[in-house]
Amino acid sequence: MHPLPLLSMIVFLPLLGAVSILLSGAKRSANARWVALWVSLVTFVLSLVLWGRYDPTLGGFQLENTMQWISYLGLTYHVGVDGISLPFILLTTLLVPLCILASWKGIKKRTADYMMAFLILETFVLGSFVALDILLFYIFFEGVLIPMFFIIGIWGGPHRIYAAFKFFLYTLLGSGLMLLAILYIYFEVGSSIPLALESVFDPKVQTWLWLAFFASFAIKIPMWPFHTWLPDVHVEAPTGGSMILAGILLKMGGYGFLRFSLPLCPDASADFAPFVFILSIIAIIYASFVALAQTDIKKLVAYSSVAHMGFVTLGIFTMDAAGISGAITQMVSHGMISAALFLCVGVMYERTHTRKIAEFGALVYRMPRYAVIFMLFILASLGLPGTSGFVGEFLVLLGTYQVNIYAATMASLAMILGAAYALWLYQRIIFGPPTACTFTDLNGRELISFSPLLVGVLLLGLYPAPLFKVTEGAVMKLVGFSSLLGKS
Amino acid sequence: MDSTLAIFTLFLPLLGGLCAGSFGPLWGMRFSQWVTCGCMGLATLTSLWLVIILGPLDTALSVPGFSWIHVGALEVKWGILIDHLSLVMIMIVTFISLMVHVYSIGYMKGEPGFSRFMAYLSFFTFFMLVLVTAPNFVQLFFGWEGVGLSSYLLIGYWYNDPRANRAAFKAFLMNRIGDVGYVLGILTLYLLFQTFDFSPIFTGVPDKQAHMIEIYGWQCHTLTLATILLFVGAMGKSAQVGLHTWLPDAMEAPTPVSALLHAATMVTAGVFLMVRISPLLDYTPLTREMITIVGAATVVLAASIACVQNDIKRIIAYSTGSQLGYMFMAIGLSGYSAAMFHLTTHAFFKATLFLGAGSVIHAMSDEQDIQKMGGIWRAIPITYTLMWIGSLALAGLPFFAGFYSKDLILEINWVSKMPVAFACGLVGIVLTAFYAWRLLILTFQGTPRANDAVMSHLKESPLSMLVPLISLGLITLVVGPGLYTLFVGSFFGPQNEVILAAQQTSYEIKTVPVLATLLGIGVAYLFYMRSKKWPSHLEMTFKRTYEFFFHQCYIDALYDRLFVVPSLKLANLLWKEGDQKGIESLGPKGLTTLSLLGGRLICRLQTGYLYHAAFAMVLGFGAMVGGILWLNSDTLRLAEVYDFLARYKG
């Protein structure tokens, strides 16, 4: 046991930052920005240390911290990481500073509150990725909604109140059902997280548990037909909010499937796999088509997220090593790509105050750097080999093809449709006969916020081995769960 | 040593491209031009060195790299594999790329995006080299998509032109359709072999040749399925009929690009892929049959369209499609080395033709319509000579390149007892000779049809364009006879029977293609030099047919109607009706309305009158008691209730 509770430090440092902003007086926005940036950067560095401390050769949870919390309920504060949570922790701590940078100039009112909301959000997100106690998980998981509700509702666009409520109520509805499942598990087997479970629930119980979890995670990720909140919310959310929403909050759904649905309900997961395949395929094709019809850039990116998340759910429920690794890669990759794409939109929104595709054109003449960066992320989004998008998509297709040829064949159509909507968007915005626009190219701050994502996308595309090294043990364990089932 | 050379060959173009792309805009054109051409020159030298070292050896050079995708049992590694097949491709790619780089210095002079252009060319070369040296299917796909991207960027190089943008987009999408085939193909192979590496797959084929897979209740031969899917990928890249419509539009790219990507190298990637998987094709006669049919259809169709086009680049583009058809025909009949031979000769003569056409366009102030040319051969004699060399090689007159390579394919057709394919090939030859000479005559001979302003600017291209042109022309002259023995020999492994048999064909068969060529040339001469009324007469009489081919068989319009418009309509339908009306009104909006409605109903009950409340209380109390009684009717007797009440009173 390491003397320093590293994991807890990572989780609560942002909260501490928020408190310090509060105490230092919320009047000086510049001060709040810098505090938030530094705190989130230190959190990122600490999470890198965490990555270094993590030993992929050992299976199971590591770097655990345990504390009695509410003893008469049997509730403990118990956190730890394994190969599935570590990538998401790194992704979160990477994205938050970038979101803060992206909001540097765009957020004009109540800046200190905004920064506080972001830091609190980071604590909750990180908490839900590391919680090893099922009730603790629920608290963190739901807690995320509160700061996000304010980020959308206070700093959002014209219809922000509607969007904030839609986001809050929709996700809460699903989580309500999950709470029932969690309570059931709590009363039946106690509150520690399922990977420690040896006994498996009765298949009938599994079905109900699976459905309850599904309600929450399918809305969160979101799967078709529970996706309609996403475009509305993205359109209204501020740039930083969109980045964190697409980059991380959606992944909490995928994380939930991996952490709860598969290990807790292996039989039910196997039974429901065809059902998930169908929904995923519909999501991939349907959302890609709908993306083609969009006139608002943010909505287009939002729908492309739905399609990409279709690959994630497809990969997870193949219950195959390649499929699940692909799903995790796809989540990490999409976390970076979609954050970058929303940042691209945000950069233009700050300059033009519009997101309508038709009002753009020929940006390449005045903004060559922007054109290059945007192009690279568009290519990553359509899954060009050499970018992270390809590795995720290809592995998911590979895993799916082993279990279900038809599903893989249908999903592969995304290669065409994804190229169609992404490149078409790019051409309409960037190319065309020169116009009289006078925008300035990316400034230093914007370049800095793009560069880590660019490096990440390329690194994960060309040399994803570090990620696989981290995830391998946990994935094999998950696959082991379902393969045990096949034998019995 | 060999490994170092191989690594240098691959990465020098990338280095040049990166330098030109990042620093070109700052340090100017001269820098970009020197750094890209310099790197390409060095890469050509190292590849030549590789040829000298590896050419005589029988073993392939393999340079292992680091692991790329490693999950569970799956491991894909980066690496370089250079066997004789790769060697031929490397030599073609680096040399022609170098020529095109140098040519571009003159051709693209003064373009504001010059550095970007040179960088794209170098990036393309890098990806093409990765493609041809890939040791596994996934890395091959990396190169495959990389050249597709380069092609997209280069076609759309003049991004202010909406037509160029549209053509680039179309090229990328059409290629992606093929790519879906490719990806599914390699996934099928993975299903069979549990690996993506070439050598275990190719050596393991005999064990798996009987494997069947069930698809929708049909028993499919797995290898056949995989190879057909891979062929779909090749069709996209090599613009075979069905997926060919992007290639003519790709002529929006600057001419050096057309020469390098859309004639000599990138479009031959499909042929290369098919030759690469020849160990699989040997076990899949059905796939080979399909390849022959598609190839033969492309030969005739593309050549027919080429005969009636007026855009000089478009003619050569259709000619490229048609020539690629010949290569596929050969592959379909197991004449792999014949296909590679034609690929090689074609790379040189077609690059010559394209760069020649570029020189013509340059001289004619960017005019591309051959109906507006004519009578310019005296002004640009060198270009004229080189266009002749290219056309002679293309048509395959004796002792020119096509005579060796194309006729070999025809002979293979003959010995394989494929009369229809042979006939298609022969018709193709007549048409090829016809359009080639139609182009030559209309462009260079007769009376000038351009306006005076254009004619007064007419002059031979600068040295930077002529030197590569002449070098390519010279190689075109020697490549056919020079490499014949190599390619019909056992350069690519054990000599196959088809090629051997093809060499034994009788002289009558060997002369037929030459006669066909002469026929084509004769008709062109007659039409455009002697009886100039005839073509327009024919146009009038067979107006429908002419229009059909002139509009490129209306395939674009057909695709628009079949795919593009319905897709966009479907997209809008799914969005407006599916998402906004369907899911929203049933889901979130529906719930909102429902709860509002319910709330309003319940609100009505809250009237505030005491007697309403009292009445509701009585009703509720009655319902409660009644409910309890009814639920417990068998255990709870009425008497007991009285009893209870009595006791309560007491």
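The values are calculated or read from the model by the stated rules, or taken from the named source; none is laboratory data. Keep in mind it's a predicted model, so treat the numbers as computed, not measured. FYI the Cβ positions are ideal-geometry reconstructions off the backbone, even for glycines, and counts take in every protein chain you see. Side chains included, ligands, DNA and RNA excluded: accessible areas come from the protein's heavy atoms. Shrake-Rupley method; radii C 1.70, N 1.55, O 1.52, S 1.80 Å.
Observations
- Mean-position separation - Cα centroids, the range B:185-214 and the range A:113-164, in angstrom: 49
- Euclidean distance of C-alpha centroids, the range A:205-224 and the range B:43-112, integer Å: 50
- The angle separating the long axis of helix B:507-525 from the principal Cα axis of greatest extent in chain B is about 90 degrees.
- Members of the range B:152-181 that become less accessible by 30 Å² or more once partner protein chains are added (1.4 angstrom probe, chain alone as reference): B:Y152, B:Y159, B:N160, B:N165, B:F169, B:F172, B:L173, B:R176, B:V180
- B:S595 paired with A:W208, simple spin-label distance in nm, labels 7 Å along Cα-to-beta-carbon: 2.5
- Share of pairwise Cα separations in the range B:322-462, more than 24 Å, in percent: 38
- Counting only protein heavy atoms and a probe of 1.4 Å, the accessible surface of the range B:1-82 is 74% carbon and sulfur.
- Bridgeable lysines around B:K533 (alpha carbons under 18 Å apart, same-chain partners fewer than 8 residues away excluded): B:K372, B:K543.
- The Rg/Rh ratio of the range B:343-390, with both radii computed over alpha carbons and Rh defined as the Kirkwood radius, is 1.00.
- Cα long-axis angle, helix B:401-415 against chain B (0 to 90 degrees, to the nearest 10): 60
- Per residue, the accessible area of the range A:6-479 comes to 31 Å², computed with a 1.4 Å probe over protein heavy atoms only.
- Reachable lysines, given that their alpha-carbon falls under 19 Å from the alpha-carbon of B:K109 and they are not under 8 places away in the same chain: B:K459
- Close lysine pairs were tallied over the range A:6-479: pairs 8 or more places apart or on different chains with Cα atoms under 14 Å apart number 7.
- Near A:A293: Cβ cut-off under 10 Å, other residues only, Lys/Arg at +1 and Asp/Glu at -1. The net charge is +2.
- Violating pairs (Cα-Cα greater than 23 angstrom) within the set B:K569/B:K589; B:K417/B:K510; B:K237/B:K406: B:K569/B:K589
- Accessible-area value, A:M243, 1.4 Å probe, nucleic acids and ligands omitted, Å²: 0
- Once each of the chymotrypsin sites (Phe, Trp or Tyr not before Pro) sitting in a DSSP loop with at most 12 other beta-carbon atoms within 10 Å is removed, chain B keeps B:1-215 as its longest stretch.
- Summed buried accessible area for B+A [probe radius 1.4 Å, Å², rounded to 100]: 4900
- When the charge dipole of the protein assembly as shown is built from unit charges on Cβ atoms (+1 for Lys and Arg, -1 for Asp and Glu) and taken about the Cα centre, the candidate among A:T438, B:S151, A:G386 whose Cα reaches farthest toward its positive end is A:T438.
- The accessible-area ordering, largest first, of the residues A:K105, B:K417, B:K170, A:K251 stands as B:K417, A:K105, B:K170, A:K251, per a 1.4 angstrom probe.
- Compactness index (Cα Rg / 2.2 N^0.38 Å), the range A:322-361: 1.64
- Dipole magnitude of chain A about its Cα centre (Cβ charges: Lys, Arg +1; Asp, Glu -1), debye to nearest 20: 1560
- Taking other residues whose beta carbon is less than 15 angstrom from the beta carbon of B:S585, and scoring Lys, Arg as +1 and Asp, Glu as -1, yields 0.
- Relative to the longest principal axis of the Cα atoms of chain B, the long axis of helix B:588-605 lies at roughly 20 degrees.
- Remark on the range A:1-74: Rg and Dmax equal 16.1, 49 Å (Cα only).
- Nonpolar atom fraction for chain A, defined as the carbon and sulfur part of the 1.4 Å probe accessible area, stands at 70 percent.
- Dimensionless Rg over Rh [the range B:85-197; C-alpha; Kirkwood]: 1.05
- Each 20 Å bin from zero up to the one holding the largest Cα-Cα distance in chain B carries the following percent of pairs: 17, 46, 19, 6, 7, 4, 0.
- Calculated diffusion of the range B:413-453, Stokes-Einstein form, Kirkwood radius summed over Cα pairs, 20 °C and 1.002 mPa s, µm²/s: 170
- Where chain B is the region considered: accessible area per residue in Å², 1.4 Å probe: 42
- Per residue, the convex hull spanned by the Cα atoms of the protein assembly as shown measures out at 226 cubic angstrom.
- Taking every DSSP helix (H) stretch of at least 4 residues in chain B, weighting each as -39,500 (n - 2.57) and dividing the sum by the residue count yields a mean residue ellipticity at 222 nm of -23500 deg cm²/dmol.
- In the range A:6-479, the C-alpha radius of gyration followed by the widest Cα-Cα span (Dmax) gives 21.0, 71 angstrom.
- With contacts taken as Cα pairs under 8 Å and at least 6 residues apart, chain B reaches a relative contact order of 11 percent.
- In the range B:172-222, the portion of solvent-accessible area held by carbon and sulfur atoms comes to 59 percent [1.4 Å probe, whole percent, DNA, RNA and ligands not counted].
- Normalised per residue, the volume of the convex hull around the Cα set of the range B:312-394 (Å³): 77
- Positions from the range B:66-86 whose accessible area shrinks by 10 Å² or more when the full protein complex is built, not the chain alone, probe 1.4 Å: B:F66, B:S67, B:W68, B:I69, B:H70, B:V71, B:G72, B:L74, B:W78
- Solvent-accessible surface, computed for protein heavy atoms with a probe of 1.4 Å, shrinks by 20 Å² or more for the following residues of the range A:273-317 when the other protein chains are added to the isolated chain: A:Y286, A:F289, A:V290, A:L292, A:A293, A:Q294, A:K299, A:Y303.
- Dipole check for chain B: with +1 at the C-beta of Lys and Arg, -1 at the C-beta of Asp and Glu, and the Cα centre as origin, the magnitude is about 1500 Debye.
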